[in-house]
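The values are calculated or read from the model by the stated rules, or taken from the named source; none is laboratory data. Everything numeric in this text was worked out from a predicted model, so none of it was measured. For neighbour counting, all protein chains shown are included, and Cβ atoms are generated from backbone atoms with ideal geometry for every residue, glycine included. To get the accessible areas, we keep the full protein, side chains included, count just its heavy atoms, and leave off ligands, DNA and RNA. Shrake-Rupley method; radii C 1.70, N 1.55, O 1.52, S 1.80 Å.
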Amino acid sequence: MPHIEGKYRAHDYRIIAGASAAGVFSLYALQQKPELFDAALTYSAAVWWAYGASAKATVEFISKQKQLNHYIYTAIGNEPEPIRSYYDEMITGISNNRPTGLRWVNDSFKDVPHNLVSSAGIFRAYHNSY
């Protein structure tokens with residue numbers, strides 16, 4: 001990041017975003033190095049992988065934070081079971097354990113397939129980030 005910021009014009013508000021597996025990585029990056037990014041945007045994050053391990057890790061991370069001055073965007077499309085169950089458990093966990101300072105928006109697109117969730121949610125994700 002110092003290389004990019006030293007070579008290119010870059011805003012000091014850092015966002016990581018991803019869909020499916022990259023959405024899981026965005027949540028992982030937030031948990032491992034929260035100081036690197038101000039926002040994590042996820043579109044149909046594959047939190048169902050490994051029986052929901054990343055969904056559980058995300059809720060555990062969120063629940064341990066007293067203060068988290070970040071923005072998180074989560075969105076899902078018409079994912080089938082068991083994918084949807086793991087995602088819904090994560091959403092409930094975030095909602096029930098929301099730390100002070102966390103701005104969070106969640107969208108559910110009932111008629112949007114997995115590969116188009118990023119297209120459906122990108123405007124709201126970025127619009128709400130500022």
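Filter segment 1-39 for residues that are small (Gly, Ala, Ser) and open to solvent by 20 Å² or more (accessible area, probe 1.4 Å); which is farthest from residue 85 (Cα to Cα)? Step by step, filter segment 1-39, then rank; the result is 6.
Restricting to segment 91-121, give me the number of residues that are among the aliphatic types (A, V, I, L, M) and either without any contact (Cβ under 8 Å) to a residue 40 or more places away in the chain or more than 18 Å from residue 23 (Cβ to Cβ) (or both). The number of residues fulfilling the criteria is 5.
Of the numbered criteria (1) within 17 Å of residue 128 (Cβ to Cβ); (2) open to solvent by less than 30 Å² (accessible area, probe 1.4 Å); (3) among the hydroxyl-bearing types (Ser, Thr, Tyr); (4) touching a residue at least 40 places away in the same chain (Cβ under 8 Å), the one residue 42 fails is (4). Note on segment 52-68: residues that are within 14 Å of the chain's Cα centre (by Cα) and polar (S, T, N, Q) total 2. For segment 103-120, the criterion of being closer than 21 Å to residue 31 by Cβ and surrounded by fewer than 16 Cβ atoms within 10 Å (Cβ to Cβ) is met by at least one residue.
What are the residues in segment 108-130 that are part of a loop (DSSP other than H, G, I, E, B) and under 15 Å from the mean Cα position of the chain (by Cα), if any? Residues satisfying the conditions are 128, 129. Only one of the numbered conditions (1) touching a helix residue (DSSP H, G or I) at 6+ places or on another chain (Cβ under 9 Å); (2) more than 15 Å from residue 22 (Cβ to Cβ); (3) open to solvent by less than 40 Å² (accessible area, probe 1.4 Å) is not met by residue 56, and that is (3).
The residues of segment 45-86 include none that are modelled with pLDDT under 95 and within 21 Å of residue 129 (Cα to Cα).
Of all residues in segment 15-28, those being in contact (Cβ under 8 Å) with a residue 12 or more places away in the chain, under 19 Å from residue 62 (Cβ atoms) and not aliphatic (A, V, I, L, M) number 4.
Looking only at segment 75-96, filter to residues that are over 15 Å from the mean Cα position of the chain (by Cα) and of a type in the set (S, T, N, Q); which one of those is least open to solvent (accessible area, probe 1.4 Å)? The residue in question is 85.
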